[in-house]
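The values are calculated or read from the model by the stated rules, or taken from the named source; none is laboratory data. Just so it is clear, the model here is predicted, and its values are computed rather than measured. Methodologically, a virtual Cβ is constructed for each residue, glycine included, from the backbone with ideal geometry; neighbour enumeration extends over all protein chains shown. To get the accessible areas, we keep the full protein, side chains included, count just its heavy atoms, and leave off ligands, DNA and RNA. Shrake-Rupley method; radii C 1.70, N 1.55, O 1.52, S 1.80 Å.
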Amino acid sequence: MKNLAKFFLFVLLLSAGISLLYDYRLKHGGLKFASGRTPEKYTFASEPAVNPKQVVSLETLSQERRSLVKSVIPAVVAVKTSKKVVRQGYGLDPFEFFFGNPRGQRRSPRDEALVQNSLGSGVIVTNEGHIITNTHVVDQVDQIEVQLSDGRIKTARLIGADSELDLAVLKIDDPGVKPLVLADSDTVQPGDSVLAIGNPFGLQETVTDGIISWKGEPNSTDLRGDLLQTNAAINPGNSGGPLINVRGEVVGINEQILSRSGGSEGIGFAIPSNTVRMVLESVLKHGRIIRGYLGIQTGASQRGAGGADTGGVTVGDVVSGSPAEQAGLQPGDVISKFDGHDVKNFRALRTLVAGAPLDKQVELQVVRNGKPLTVKTQIKEQPVDYESARVLPRGNQPQPQGPQQPNDQETVDGPLASIQVDQLTPEKARQLDLPPNVRGVLVTEVDPDSGMAELQKGDVIEEINQQPVTSVSDYKNIAGSLDPNQQQVLSVCRHRARSFLVLRPR
């Protein structure tokens with residue numbers, strides 16, 4: 001009782017002290033109620049800093065841009081996907097939660113079902129509700145939904161996809177859709193004003209503006225190939241969204257960025273709308289992409305002094321039964337021209353072959369043992385199992401060695417010496433939630449002091465300087481021939497996003 005009485009006495013004295021302090025500050029101006037406060041004098045600016053007559057053209061431009069955005073936004077959608085992933089976990093015993101596990105018994109594992117969600121963008125391009133997006137946005141998912149600009153959510157069906165061009169066609173049932181026109185991307189030129197619209201970081205209907213910074217050509221010697229380059233900000237979540245011209249037409253589908261940080265640095269790339277139209281019509285008419293193939297595996301690119309690309313593609317191997325075999329191509333041949341077009345790199349050759357009419361006889365100019373040679377063949381449709389058939393040995397070749405074990409990590413000398421890679425297996429691809437079309441080598445370690453912080457453990461290197469990397473052997477051959485005094489461009493897949501990383505010499 002005495003302690004309780006002391007406690008109440010302490011509370012009473014403390015309350016009295018606080019009350020006296022409050023009264024003191026109130027009387028001496030420390031605290032004032034609103035009723036006793038003297039109003040502050042204020043005056044707003046009455047005239048703009050600039051005479052409106054002097055910026056009429058700018059105001060007109062702003063109004064026109066506002067009208068443009070308002071007109072195209074209804075055709076841009078957020079693509080939301082979900083995927084169930086089963087992982088092994090351990091159930092929680094409620095008695096163990098309260099009383100611990102004194103016997104130290106091991107709990108039995110049980111499967112736990114998790115749902116992974118991802119977000120991308122898309123654009124409606126037909127009156128029937130067909131939507132174009134990137135393949136890597138909708139790969140290996142259980143459910144696809146699209147959210148329209150008015151907030152409605154529609155279930156979407158995957159009609160078809162092309163992993164090589166990274167384009168997919170979805171469809172929603174909504175008779176009131178307002179599609180956008182696919183422009184003729186051949187008429188696009190550097191300097192043209194464009195808008196990129198999408199859902200960067202989940203921020204729906206975000207608009208960024210810029211220009212066409214560079215227009216690619218099939219024979220381009222750098223990483224950009226036949227893509228459109230723009231400085232309009234493109235960030236994660238923009239994938240599959242449209243690149244719009246001033247007439248509200250789609251000139252490209254945003255795909256990837258060139259970045260040292262993973263975010264937009266003003267260098268983004270879009271797939272040209274003419275390529276989009278080709279994929280869309282092929283999928284809707286035939287249910288698949290109709291493309292020709294040659295049937296070769298490539299060797300190292302031809303490079304001259306200082307690492308410059310001198311043009312041509314070296315044949316590393318020839319697929320049995322392919323048009324290349326029918327033409328009599330041999331390992332070591334250098335393809336310099338395809339059907340009259342110069343071939344400067346593998347990307348150029350792939351574009352020319354894929355666009356060639358089926359069953360058309362074409363001429364290939366090659367260099368064999370230093371001597372020019374012309375051969376002919378007929379381009380055939382690429383088989384469905386081409387990607388797996390191309391690595392099978394021909395009858396007169398030895399069987400390849402089995403796949404490397406998970407601990408067979410590889411390093412090479414040269415610019416990439418600080419990187420360790422391993423073979424990418426289907427199991428590892430599933431664990432990393434990679435798209436099914438990813439082919440390359442898995443980065444397992446990066447020396448933190450190497451200055452290659454852009455590259456991370458778990459990245460998949462798909463190309464080095466535009467040369468495809470499909471195995472550890474490819475990686476060793478290409479990486480071992482790099483010039484340490486030149487910058488290297490890696491095409492990298494990280495989770496479900498693709499980007500180019502530029503590694504500069506130290």
Q: Select from the range 225-239 the residues that are of a type outside the set (Ser, Thr, Tyr) and in contact with an Asp or Glu (Cβ under 8 Å, 6 or more places away or on another chain) and write down the one among them that is modelled with the lowest pLDDT.
A: Asp226
Q) Can you pull out the residues in the range 434-452 that are part of a loop (DSSP other than H, G, I, E, B) and open to solvent by 40 Å² or more (accessible area, probe 1.4 Å)? A) Pro436, Arg439, Asp447, Pro448, Asp449, Gly451
Q) If a residue has to be touching a Leu at 6+ places or on another chain (Cβ under 8 Å) and at negative phi to count, how many in the range 231-244 make the cut? A) 4
(Q) I'm told Lys41 meets every condition in (1) outside any helix (DSSP H, G or I); (2) of a type outside the set (A, V, I, L, M, F, W, C); (3) modelled with pLDDT under 90 except one. Can you identify the failing condition by its number? (A) (3)
Q. What about Val489, is it touching an Asp or Glu at 6+ places or on another chain (Cβ under 8 Å), of a type in the set (Val, Ile, Thr), open to solvent by less than 70 Å² (accessible area, probe 1.4 Å) and modelled with pLDDT under 85?
A. yes
Q. So which pairs qualify, if the first residue must be in the range 187-204 and of a type outside the set (A, V, I, L, M, F, W, C), the second must be in a loop (DSSP other than H, G, I, E, B), the Cβ gap must be under 6 Å, and the two must be at least 6 apart or on different chains?
A. Ser193/Val246; Gly198/Asn238; Gly198/Gly241; Asn199/Gly237; Pro200/Asn235; Pro200/Gly237; Pro200/Asn238; Gly202/Gly237
Q) What number of residues in the range 148-186 are open to solvent by 40 Å² or more (accessible area, probe 1.4 Å), of a type outside the set (Lys, Arg), under 18 Å from Lys285 (Cβ atoms) and in a strand (DSSP E or B)? A) 3
Q | Hits in the range 459-481 (condition: at pLDDT 85 or above and open to solvent by less than 20 Å² (accessible area, probe 1.4 Å)) | A | Asp459, Val460, Ile461, Ile464, Val469, Val472, Tyr475, Ile478, Ala479
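When you look at Leu455, is it aliphatic (A, V, I, L, M), open to solvent by less than 20 Å² (accessible area, probe 1.4 Å) and part of a loop (DSSP other than H, G, I, E, B), yes or no?
In short, yes.
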Q. Scanning for something within 29 Å of the chain's Cα centre (by Cα), open to solvent by 70 Å² or more (accessible area, probe 1.4 Å) and closer than 21 Å to Ile289 by Cα, does the range 338-350 turn up at least one residue?
A. yes
Q) Which one is farthest from Val146 (Cα to Cα), of the residues in the range 241-269 that are modelled with pLDDT of 95 or more and either within 11 Å of the chain's Cα centre (by Cα) or part of a strand (DSSP E or B) (or both)? A) Val251
Q: Taking the options Asp173, Asp222, Asp184, name whichever one is farther than 16 Å from Ala497 by Cβ and modelled with pLDDT under 90.
A: Asp222
